[in-house]
Amino acid sequence: VGGGANGNASNAAVMTPLVLWHGSMDLTAHPDLYKAQLHKLGTAVEGRLANDVDARASGIIVNTSGLIEDVGYSYILEAIQAFKINVVLVLGHDRLYSMLGTHFKKQAKEEEERKKKMEEEAPQTTPQSSSSTLTPIPKLIKLPRSGGVVSRDAAFRRASRSQSIKRYFYGDILPPKSPDATNANATASSISPTTAA
């Protein structure tokens, strides 16, 4: 994140990605490191949004890994917290939607109890000032999966992610043996027959 002379984010900062290497292709290998990296990225994004009015107005989209078993679910919750997500979209996954709904209801109940406790301890505090310290509960929206959509297996998703990363850093790779045209001046060249010996 950088700032230009006029206080807006510089073009270099806008175009330069922040990439953190997890050290493993397996996200479950180092959960504490992964969560720390989520928070570091969240802080960097928050700084970028603070310095760029257009980016702040447009918001962000965070696409999680799709891993919801075991530690993957805690990664989703950690990403929601790290990036201060206010809307969570669940695409065609009933179980994840139910799990997140239960979690957010529990979180809302805990926040309500915390709010009551804060009001009891400091009755002179206005509701606006006490509610600003509470953690916002994201809105949960379930989107149906489009008809005809087929789930992709892990190997396909891994190859697709790898290709996307290569495309981002190296550009679109031309297909092998792509045709090439060369223009030549026909009057300046001659064709002579060859004989096989």
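I'm a student and want to see the number: the projected area of the Cα convex hull of segment 22-105, averaged over all directions, in nm². Intermediate results must be reported in sequence, preceding the final value.
On the way: hull surface 24.9 nm².
With the hull built on Cα positions only, its mean projection is 6.2 nm².
Where does each of 28-34, 164-170 land if you order them by average Cβ count within 10 Å, highest first?
Descending packing order for the listed peptides: 28-34, 164-170.
Over 19 Å between Cα atoms: which of 106/139; 105/142; 35/117; 35/142; 109/139; 84/105 fall into that group?
Numbers: 106/139 14 Å; 105/142 15 Å; 35/117 30 Å; 35/142 25 Å; 109/139 15 Å; 84/105 17 Å.
Going by Cα-Cα distance, 35/117; 35/142 fall outside the 19 Å limit.
Within segment 8-94, which trypsin sites (Lys or Arg not before Pro) sit in a loop by DSSP and count at most 14 neighbouring Cβ atoms inside 10 Å? Walk me through the numbers before you get to the answer.
Numbers: sites: 35, 40, 48, 56, 84; in loops: 84.
Hits after loop and neighbour filter: 84.
For residue 57 and residue 37, calculate 0.36 nm times their separation in residues minus their Cα-Cα distance, and state this gained length in nm to one decimal. The partial results should precede the final answer.
On the way: separation 20, 0.36 × 20 = 7.20 nm, distance 2.47 nm.
Net length gain for the segment: 4.7 nm.
Hey, rough spin-label estimate for residue 137 and residue 22, points 7 angstrom out along Cα→Cβ, what's it come to in nanometres?
3.0 nm
The numbers here are math on the coordinates, done by the rules we state, and not lab data. Note that this is a predicted model, so its numbers are computed, not measured. Cβ coordinates were reconstructed from backbone atoms using ideal geometry, including for glycine residues, and neighbour counts include every protein chain displayed.
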